Every structure is written in C-alpha cells, then in structure tokens.
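Report on the following structure.
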Amino acid sequence: MKKRLLLAGFALALGAGHTLTAFSQVKPEILVKQRQAAMTLQGKYMGPLGGMAQGKVPYNAETVAFNAAMLDALSRMPWDGFAPASKGATVKTAALPAIWDEPAKFKEAQDNFQRAVQGLVAVSRGGDEAAQKTAIGGVGKACGACHEHFREKQ
Ligand code: HEC
C-alpha cells in the first residue's frame, strides 16, 4: 500500500516536471499569439451575446446556450499564455506590465471573469431571457474590468 502510494507520488512528480519542461520550451512569441487567439475567440462568441443584451441583435436562446458553452471553455485558455516567460516577446502585444507587477490583481480579474461565465452557463439553458441578459452583462463587465487595468488602450 505504502509502496503504491509512493509510486503514485513519483508518477505525479514526473508528470508535473514533464509539463513544466514542455511549457518552458514554448517560445514567448507563440505564447503571445496563443493568448491573443483565445481572446479573439472570446470576442467571437461574446459579440452576439452583447448585442442581444443591448437589444441590437434579436434574442436567440440556442445561440445563448451554445456561445455560453464556448465561453466556458475559452475562459480557461488565455491565462497560461501570460507566463513570465512571455515578457520578452518581440511580437506586438497590448499586455501591460501591471499583469506581472500585480499578479494577485490579475488573477482576481480572471477569477471574477470565470465566475461571471459560470453564472451565464448556469442560466443559459433555463430559457429565462431576462436572467440571461443580466448574466451576459456581468460577463461583459468582467471583460472590460480586466482590459481597463491590464490591456493597453486600443
Ligand atoms: C483577466 C483579464 C482579461 C479578461 C477577463 C479578458 N481579457 Fe481580453 N485581453 C486581456 C489582455 C491582457 C489582452 C492583451 C493580450 C496581448 O496583446 O498580448 C486582451 C486582448 C483581447 C483582445 C485582442 C486580441 C488580439 O488579437 O490582440 C480581444 C478581442 C479580447 N481581449 C476580448 C476579450 C473578451 C470578449 C473578453 C470577455 C469575454 C475578454 N477579452 C476578457 C485581458 C483580459
């Protein structure tokens, strides 16, 4: 039993080490491109929802459910792309130094955003249009709050 536990621990340690090594070999430029790609896709799925919440796009319950599910996955993707190793990237980036100067605040902005997306997912299959629009507003605010502090003004 003890031996098995030890072995499991060893396998875990090996696994973690391997991930770290693989990760540190990714070029800074690639990290920047990948995080921007995840952000671009968030924009793709958030755009129509924002339009619905503002009454500019006709409400469609299926689109809300589908796009919420896409955002659920995407909202987990950009963050490891902001690893300190990406700071030396020579490609164009709008990421502000505050990301690395205030890591706790940046993490908080991610957590608030992911909570807002979870809130949207929770109401996205209920068919309650008003609740969905409120939740969409919450997600939009969380995108904006982070951009305000951590992204260069466009
Ligand atoms: C926790 C912070 C944070 C949250 C939350 C966040 N963003 Fe971003 N976003 C950034 C940062 C930082 C950049 C700049 C990345 C870069 O240029 O390296 C960015 C860039 C972008 C870009 C430009 C991508 C490109 O190709 O340059 C778009 C579009 C975008 N975000 C959309 C969104 C949308 C839509 C949401 C919400 C659904 C969102 N973001 C949530 C921090 C955030």
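The values are calculated or read from the model by the stated rules, or taken from the named source; none is laboratory data. Everything numeric here is computed off the predicted structure, so don't read it as measured data. Cβ sites come from the backbone with ideal geometry, for glycine too, and all protein chains shown count toward neighbours. Areas reflect the complete protein model, heavy atoms only, side chains present, ligands, DNA and RNA absent. Shrake-Rupley method; radii C 1.70, N 1.55, O 1.52, S 1.80 Å.
Being of a type in the set (Lys, Arg), modelled with pLDDT of 95 or more and either away from the ligand (no atom under 11 Å from the Cβ) or within 17 Å of the chain's Cα centre (by Cα) (or both) is not true of LYS92.
Of the residues making up the range 78-89, just one is more than 11 Å from the ligand (Cβ to nearest atom) and either under 24 Å from MET52 (Cα atoms) or not in a helix (DSSP H, G or I) (or both), namely ALA83.
Pairs linking a residue in the range 26-44 that is within 24 Å of ALA68 (Cα to Cα) to a residue that is surrounded by 17 or more Cβ atoms within 10 Å (Cβ to Cβ), with Cβ atoms under 6 Å and 6 or more positions apart or on different chains, are GLN34/GLY81; ARG35/PRO78; ARG35/GLY81; ALA38/LEU74; ALA38/PRO78; MET39/PRO78; LEU41/LEU74; GLN42/LEU74. Contact map, the range 109-131: residues that are part of a helix (DSSP H, G or I) paired with residues that are of a type in the set (S, T, N, Q), Cβ distance under 8 Å, separation 6+ or inter-chain. Pairs shown: PHE113/SER75; GLN114/SER75; VAL117/SER75; LEU120/GLN132; VAL123/GLN132.
Look through ASP101, ASP111, ASP128 and report the one residue that is open to solvent by 20 Å² or more (accessible area, probe 1.4 Å) and within 12 Å of the ligand (Cβ to nearest atom). Before the answer, list the steps.
Working: ASP101 fails: within 12 Å of the ligand (Cβ to nearest atom); ASP128 fails: within 12 Å of the ligand (Cβ to nearest atom).
Result of the check over ASP101, ASP111, ASP128: ASP111.
Just checking, how many residues over the range 131-154 are among the small types (Gly, Ala, Ser) and more than 10 Å from the ligand (Cβ to nearest atom)? Steps first, answer last, please.
The initial filter retains those residues of the range 131-154 that are among the small types (Gly, Ala, Ser), namely 131, 135, 137-138, 140, 142, 144-145.
Restricting the remaining residues to those that are more than 10 Å from the ligand (Cβ to nearest atom) gives 131, 135, 137-138.
Looking only at that region, the number is 4.
Taking the condition at pLDDT 95 or above and open to solvent by less than 60 Å² (accessible area, probe 1.4 Å), does GLN118 pass?
Details: at pLDDT 95 or above: yes; open to solvent by less than 60 Å² (accessible area, probe 1.4 Å): no.
So GLN118 fails the test.
Can you name the residue in the range 49-72 that is within 12 Å of the ligand (Cβ to nearest atom) and either aliphatic (A, V, I, L, M) or open to solvent by 50 Å² or more (accessible area, probe 1.4 Å) (or both) and is also nearest to the chain's Cα centre (by Cα) among such residues? Of everything passing the filter in the range 49-72, LEU71 is nearest to the chain's Cα centre (by Cα).
Is one or more of the residues making up the range 24-32 under 30 Å from GLU129 (Cβ atoms) and surrounded by fewer than 15 Cβ atoms within 10 Å (Cβ to Cβ)? Looking for residues that are under 30 Å from GLU129 (Cβ atoms) and surrounded by fewer than 15 Cβ atoms within 10 Å (Cβ to Cβ), one finds none in the range 24-32, hence no. Filtered by the rule that a residue be under 20 Å from ALA65 (Cβ atoms) and open to solvent by 40 Å² or more (accessible area, probe 1.4 Å), the range 131-146 gives LYS133, THR134.
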